[in-house]
Amino acid sequence: MRSPAADCAAGPFEEAALRVCSILLVLPLAAVVVFAASAQKEQPGADRRGELEQVLKQRYRLTMVGASMLGLKGSAGSLRRAGGVVELRREGFYGSFTQNGPATMSIRGEAVEVSRGHKDFAFPVGEQFYMHSVYVGQDLVSLGLLSTRSIATPRGTGRLWAAVDFYLPVEALTNVNTATIFSALDQWLLLEGQRPAAAPAAPAPAPPPAPRAELKPGMTREEVVTALGAPQREVSYGTRTWMTYSGMVVLLENGKLVSVDRSGQPPARVTVRSEPDGADVFLGDNFVGSTPATLELPAGSYKVSVRLAGFKDWQRDVQVLGGSELTLRARLEK
């Protein structure tokens, strides 16, 4: 049997025919490559779940445990760097004295059950934990916990290990619906000093906008809040504070109103990454998160610092424009 290329090349115009035939044979392959590339772009779920994982790590400020970044080695309960603390709000959680067999709770809605691991101790409401790991799967958010105190159990005395799997709607995870996710997590584990996220409610008809009081230079923050209500977002840097409202940004200097920007310019999105991860991010002297961190900042000039124990501090002065996106990569040196 003759190949398509041989059939195409037969005849007096053999050289020209071979060129045309080569193009015809390559076109289907190019189409396959383009189709594969577009197919990869049509899988936003995995990327969005990865984004959610970073949001949760930034929210809870993970604790580094033992000799391993993942907390799987080292002496039981030893801390490399303490992060945020969460408090238990309901009964049904257990802990294990052994690190490699933590008690694992599965939560579906209001129901909780221990799916695996040792039940060495029943935690009371109000028990506090460090969070050392976060994982976002197809239909769950998994959190690794370590008690902040040493507890005596029949198997030994020390900090206790636990894990909890929150089973959530897939669309909430793939779309990074933080209102739904935070509401579910906060019913059980609440960050120390934080109020629980409000459960999502059916949208209500918007009330007519109330007339805003006149803003005058020199007003205090309390006077601005009295006039406009609580801001949608508030960021402080040095002596300046930006209070974002619908359609305007109020700038305070040393606690006094100095200007009002009514241009409606959106905040800048600044992503801070470091090598290695898990470093603290500061704006001026204010701690704002751990790398990788995504910050929403009003337009302006900032001094960004990245700090990690055992490494030299990394600093940059940056100028951000409203609505822009900026990525800072800090390679930390010892």
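Please determine, by comparing only the residues of segment 314-334 that are part of a loop (DSSP other than H, G, I, E, B) and touching a Phe, Trp or Tyr at 6+ places or on another chain (Cβ under 9 Å), which one is surrounded by the most Cβ atoms within 10 Å (Cβ to Cβ). Even if it seems obvious, please write down each step before you answer.
Keep residues of segment 314-334 that are part of a loop (DSSP other than H, G, I, E, B), which gives 321-324, 332-334.
Now drop any that are not touching a Phe, Trp or Tyr at 6+ places or on another chain (Cβ under 9 Å), which leaves 332-334.
Working: LEU332: 17, GLU333: 9, LYS334: 6.
Per the criteria, the residue is LEU332.
Please find, within segment 262-287, the residue that is modelled with the lowest pLDDT out of those that are touching an Asp or Glu at 6+ places or on another chain (Cβ under 9 Å) and within 23 Å of GLY50 (Cβ to Cβ).
Only one residue tops the list, namely PRO267.
From the list GLY117, GLY92, exactly one residue is closer than 30 Å to VAL170 by Cα, outside the structural domain of GLY278 (by TED's automatic domain parsing), more than 22 Å from the chain's Cα centre (by Cα) and modelled with pLDDT under 90. Which is it?
Details: GLY92 fails: modelled with pLDDT under 90.
The conditions single out GLY117.
Taking segment 213-239 on its own, how many of its residues are within 19 Å of GLN319 (Cα to Cα) and surrounded by fewer than 17 Cβ atoms within 10 Å (Cβ to Cβ)? Full working, then the answer.
Start the filter on segment 213-239 by keeping residues that are within 19 Å of GLN319 (Cα to Cα), which leaves 234-239.
Now drop any that are not surrounded by fewer than 17 Cβ atoms within 10 Å (Cβ to Cβ), which leaves 234, 236, 238-239.
So the count comes out to 4.
Can you name the number of the only condition in (1) surrounded by 16 or more Cβ atoms within 10 Å (Cβ to Cβ); (2) closer than 15 Å to TRP188 by Cβ; (3) in contact with a Phe, Trp or Tyr (Cβ under 6 Å, 6 or more places away or on another chain) that TYR94 fails?
Among (1) surrounded by 16 or more Cβ atoms within 10 Å (Cβ to Cβ); (2) closer than 15 Å to TRP188 by Cβ; (3) in contact with a Phe, Trp or Tyr (Cβ under 6 Å, 6 or more places away or on another chain), the lone unmet condition for TYR94 is (3).
Residue by residue, here is whether (1) under 17 Å from THR327 (Cβ atoms); (2) among the β-branched types (Val, Ile, Thr); (3) in contact with a strand residue (DSSP E or B) (Cβ under 6 Å, 6 or more places away or on another chain) holds:
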residue	(1), (2), (3)
LYS256	no, no, no
ARG262	no, no, yes
SER274	yes, no, yes
ASP277	yes, no, no
ASP280	no, no, yes
ASP285	no, no, no
THR294	yes, yes, yes
SER301	no, no, yes
GLY310	no, no, no
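Identify the single condition in (1) buried (at least 21 other Cβ atoms within 10 Å of the Cβ); (2) modelled with pLDDT under 90 that SER150 does not satisfy, given that it satisfies every other one.
The one condition SER150 does not meet is (1).
For residues that are touching a residue at least 12 places away in the same chain (Cβ under 8 Å) and closer than 23 Å to GLU53 by Cβ, scanning just segment 104-114, find the one that is farthest from the chain's Cα centre (by Cα).
Residue satisfying both the conditions and the ranking: VAL112.
Identify, please: which residue in segment 287-303 is assigned to a strand (DSSP E or B) and over 19 Å from the mean Cα position of the chain (by Cα) and is, among those, surrounded by the most Cβ atoms within 10 Å (Cβ to Cβ)? Before you say what the answer is, go through the steps one by one.
At the first step, the residues of segment 287-303 found to be assigned to a strand (DSSP E or B) are 287-290, 293-297, 300-303.
In the following step, the residues that additionally are over 19 Å from the mean Cα position of the chain (by Cα) were identified as 300-303.
Numbers: GLY300: 16, SER301: 11, TYR302: 21, LYS303: 14.
Checking each candidate, the answer is TYR302.
The values are calculated or read from the model by the stated rules, or taken from the named source; none is laboratory data. Just so it is clear, the structure is predicted and the values come from calculations on it, not from any experiment. When we count neighbours, we look across all protein chains shown, and the Cβ atoms used for this are built from the backbone with ideal geometry, even at glycine.
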